1. Top mean-square fluctuation among ALA94, ALA252, ALA71, Gaussian network model of the chain, C-alpha springs under 10 Å?
2. Once you put a point 7 Å from the Cα of LEU234 and another 7 Å from the Cα of TYR168, both along the Cβ direction, what distance in nm separates them?
3. Please check which bits of region 23-46 a label hung off ARG98 would reach, taking the label as a point 7 Å along Cα-to-C-beta and the cut-off as backbone N under 19 Å.
4. Per DSSP H run of at least 4 residues, take -39500 (n - 2.57); add these up for the chain, divide by its residues and hand me the 222 nm value, nearest 500 deg cm²/dmol.
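Readers should treat all values here as calculations from the given coordinates under stated rules, not as data from a laboratory. Note that the coordinates shown come from a computational prediction; the quantities given were computed from them, not determined experimentally. Glycine gets a Cβ as well: all are built from the backbone with ideal geometry, and neighbour counts include every protein chain shown.
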Amino acid sequence: MREGGAAGAGDGSLPAAGDDATGRSSPLHGRTALVTGGGRGIGREIALALARDGARVAVAGRDRVAVAEVAAACDGLAVSLDVTDEDSCRAAVAACERAWGRLDVLVNNAGVAGSSKFTQLDDETWDRTLAVNLTGAFRMTRAAVGGMLERGWGRVISIASVAGRAGYPYVAAYVASKHGLVGLMRALAAEYARSGVTFNSVCPGYVDTAMTEATIDNVMRRTGRSREQVLERLVTPQGRLVRPEEVAAVCAFLASDLAGAINGQAIDVDGGELFP
């Protein structure tokens, strides 16, 4: 696992493309990235995808063992992070800047989810969900964006959800947090449209991760339905769950120079569940 690297160029220009082991151009060669919630699930796949495309990647999260394992697989930097703590957010960005001299790409992936009837939704669950899913992304973006704006190049990618674009029962706090996250990215895209920094959301349907498995188990307990019955309600119109690597591929493209004209968008990765 790499503890740091050479500093990047001092401006926002795209570094010269490098080649991977197969001789193909690496679209993120010379770029640096930080992925929150990077120790497992979608975050893990995003970190690996960015590294495969040539970026130097910081993998951040609370589970130090999981984060270290993914960072080692990326030849990247392991960063301890609690997005509900402002000092921790600033320290994570500072760690990247110390190691590499810059942070080019921020992926706000850290998230929590829970389900209950609205009348049973307590303040603690509401506050925790918004603190991680929305306020955490706000704090990370605020900590990271200054350097991007100074250099005139940057990418902020937030992992929202189809729940950030539509309403779903029994997950009011989650839906509210993800709608807020989509709105935050759109507001920043409008505010900094000419800066060279883009702000986008990726909105997956249910993804084949441990979080979705926990959702299935919770619904089974509450309803008495079988796993197959619950899963049938969660799969995309394609009849399956979204794969984490499919979400990661969209993020890797959004992080590239070729995605410069994509700004303020909420991109669905849901097998056709939602249409504009």
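1. ALA94
2. Between LEU234 and TYR168, the label points sit 0.9 nm apart.
3. Of the residues in region 23-46, 32-36 have backbone N under 19 Å from the label point off ARG98.
4. -13000 deg cm²/dmol
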